1. Kindly identify the stretch 98-153 as rounded, prolate or oblate by the Cα gyration tensor criterion: order the square roots of the eigenvalues as a ≥ b ≥ c, call it rounded if a/c is under 1.5, otherwise compare a/b with b/c, prolate if a/b is larger, else oblate.
2. On a 0 to 90° scale, report how tilted helix 141-164 is relative to the longest principal axis of the chain, with both axes built from alpha carbons and the result rounded to the nearest 10.
3. Around residue 187, under 11 Å between beta carbons, what's the net of Lys plus Arg minus Asp minus Glu among the other residues?
4. Relative to the longest principal axis of the C-alpha atoms of the chain, give the angle of the C-alpha long axis of helix 2-43, reported between 0 and 90° and rounded to the nearest 10°.
5. Once the dipole of the chain is set up with Lys and Arg at +1 and Asp and Glu at -1 on Cβ about the Cα centre, which of 82, 158, 177 lies farthest towards its positive end?
6. Please state the shape class of the chain: rounded when a/c is under 1.5, otherwise prolate if a/b exceeds b/c and oblate if not, all from the C-alpha gyration tensor.
7. Using only the heavy atoms of the protein chains and a 1.4 Å probe, how would 142, 33 rank by accessible area, largest first?
8. Using a Cα distance threshold of under 17 Å, what count of lysine pairs results for the chain when pairs must be 8 or more residues apart or interchain?
Amino acid sequence: MVSLRRLIRANTAKSAVVVGQRLPCAAYVATTLLLLFSLSLVLWPTSKVSNVAPNHLHKVCKVCAGRPLLGIRSFVILVLNMSGVMLALKHCIIPRIIDRHQFEEGFDIDKYYGFAAQVLYHCVLCTCFAATICITSLDDTLYHLATLAEPAYCTIDVLLLLFTGTSFTHWQLKPLLVHHTISCACCHALMYGIPSSIYGKMLQFVFHFSSAICLGIANALQTPSLKLSVLQRLWMQVLSMMFCAITRVGLVFILGICVLIDAKRIHPAAYKQVVLELNAASIGSFAFVVMKTPIITRALQEAMQEYQ
């Protein structure tokens, strides 16, 4: 019985490794299909046009009132406030909760605390987007601020890299720019192109929920005080891989199609611009999968070797 359980666990882990090896190819395929679908919507428009007015907001945001210039003002305020909150979390609050002395000498504790702060940030935004999806009586204020939060954070990250030489989570310039492309393109398209799209809210919820889970697992695996067993570490790596595949490729692809259809149905004046921005966001998201999946796959393979 013990050997059978061990065999099942090993086969499950091997299947997750295979998924990780094929996930970049799946991301390339999903990108191609989304681009072709977008092209078909642009080249062969339907005769029916929705009665929804361009940029119509059912319940107008109290911060920007549906006007991009006021959105820029709120964006600048968010950058200033979030920079203080995120840096306080990283350097003051989290170090008091997670003792730095438990880590080995040479461990990149600054990066660890940065990711811990980012996990909390993603959890807060998950709650915000869940509220906008479930509570229909809310106006667009919470949704707009939550949507602006991601490009605001990315701006902070890029500024930290430029002025200090180290980003918030020690990312290099390439993944930072990809991340910034996703957030800015997605933000503008969803806020001012199709603000009433429920699929846009669900798409952002999936982005932040998957990031919170995967980053949380990665940080937990590096925390000595948790005293994780070899089997627990293996299952956490398997969960991270499978969750990444389901959400960052599967759900993002499905919701991407739904958002594009919604954009066509709502039919804003700048429909082609909205489609272009949504495609830039999807390409950036799948490029992120291509860059990060090999890291998760290697970690899973190491956990398998440790278990065996």
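1. Prolate, because a/c is 1.5 or more and a/b exceeds b/c.
2. So the inclination is approximately 60 degrees.
3. Computed value for this residue: -2.
4. 20 degrees
5. Selected residue: 177.
6. Note, shape of the chain comes out oblate.
7. Descending accessible area places them as 33, 142.
8. So the count of such lysine pairs works out to 8.
The values are calculated or read from the model by the stated rules, or taken from the named source; none is laboratory data. Since the model is a prediction, treat every value here as computed from it, not as a measurement. Every residue, glycine as well, gets a Cβ built from its backbone with ideal geometry; the counts of neighbours run over all protein chains shown. Heads up: the accessible areas ignore ligands, DNA and RNA and are worked out on the full protein's heavy atoms, side chains in. Shrake-Rupley method; radii C 1.70, N 1.55, O 1.52, S 1.80 Å.
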